[in-house]
């Protein structure tokens, strides 16, 4: 197995990075607007505009394809639409096993929406110190929950069930609490910069082994229980270290290319399976190499995500002006500048 193929099996860790960034941004926003009257309702309104329309557009596209006799052969015998329409897809997978890939990718959005529903209440009720300890507690608790899940429901519950994946969101929340504190911000960033090398090593080892949730032989008990936690902490360290990046790293993180991809990242994630199906269908009569096939798939995906962003997502996001945290302001918090930060905005 070549190095490229081995590392491609670890592409799933991008979801863990997304969870960490999301936990950081959402917690940072909620901390900074917690005293604003009605901020929770505004938060849900803004998050709904970002997440729901494109997800329902994607679900509608899949539903139409299924009713057209599934020409791309992506949804064989699938009938669990309600679970995914109501953001319970991860629970559906935990109970009934893996589903067709085109619909299964919505499991991570289900976790996000469940997090968005509950987390504002906790942040509003607790001070920063309590939020920090709650977050640390969730990180420590997750391996025990995964151990229980392995004994009761086995896999894939350990990968998709909400309480089994709270450590990544909580790791981002820890960074948000420390970053929002003037007393702890500089010390946290400097400490994380010193831990950058071991954090990168953990991520590279996970990629190269590879520890893949898709292959039973690459899911040892130790990884199933602790692996997601060590990834969450590693990504949180890298995120914190990047908050005060200088020189070439800052140029990279704030580059137009990364900003361009960050804005379209939601669409890139949602459309990537459908883009692959369309590419395979279009090229089935042609004999082309693997890498040429991948390049055509990436080009198709980029066009779909860009069209989705320009025609559908961006016009809807302009409606956020009707959900200001403070009257007359569309955004009441100053967020760190980075192309990656655009993933969750």
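Descriptive notes on the structure:
- Residue-averaged [θ]222 nm for the chain, counting only DSSP H segments that reach four residues, each worth -39500 (n - 2.57): -21000 deg cm²/dmol
- Solvent-free Debye scattering, log10 I(q)/I(0), computed from the Cα coordinates of region 281-325 at q = 0.34 Å⁻¹: -1.10
- Relative to the longest principal axis of the Cα atoms of the chain, the long axis of helix 39-67 lies at roughly 0 degrees.
- Part-to-part distance (alpha-carbon centres) for region 244-286 and region 50-104, which is given in Å: 22
- Residue order, fewest to most beta carbons within 10 Å, for 144, 260, 235, 24: 144, 260, 235, 24
- Comparing mean-square fluctuations of 247, 267, 89 from a GNM of the chain with C-alpha springs under 10 Å, the top value falls on 247.
- Nearest-ten-degree value, helix 128-152 long axis tilted from longest Cα axis of the chain: 30
- Helix axis angle, 107-125 relative to the chain longest principal axis, alpha carbon, degrees: 10
- The relative contact order of the chain, computed from alpha carbon pairs under 8 Å that lie at least 6 residues apart in sequence, is 27 percent.
- Just so you know, the averaged projected area of the alpha carbon convex hull for the chain sits at 18.5 nm².
- Panel order for 180, 108, by other beta carbons found within 10 Å of each beta carbon, from fewest to most: 180, 108.
- Placing pseudo-labels 7 Å out from each Cα toward the beta carbon at residue 254 and residue 326 gives an inter-label distance of 2.2 nm.
- Taking 68, 169, 132 as the candidate residues, the one with maximal mean-square fluctuation in a Gaussian network model of the chain, Cα springs under 10 Å, is 68.
- Fewest-first ranking of 270, 200, using other Cβ atoms within 10 Å as the exposure measure: 200, 270
- GNM flexibility winner over the chain from 17, 231, 122 (Cα, springs under 10 Å): 122
Read the figures in this text as sums done on the coordinates, not as results from a lab. Here the structure is a predicted model, which means the values were calculated and not measured. As a convention, Cβ positions derive from the backbone with ideal geometry for all residues, glycine included, and neighbour counts pool all protein chains shown.
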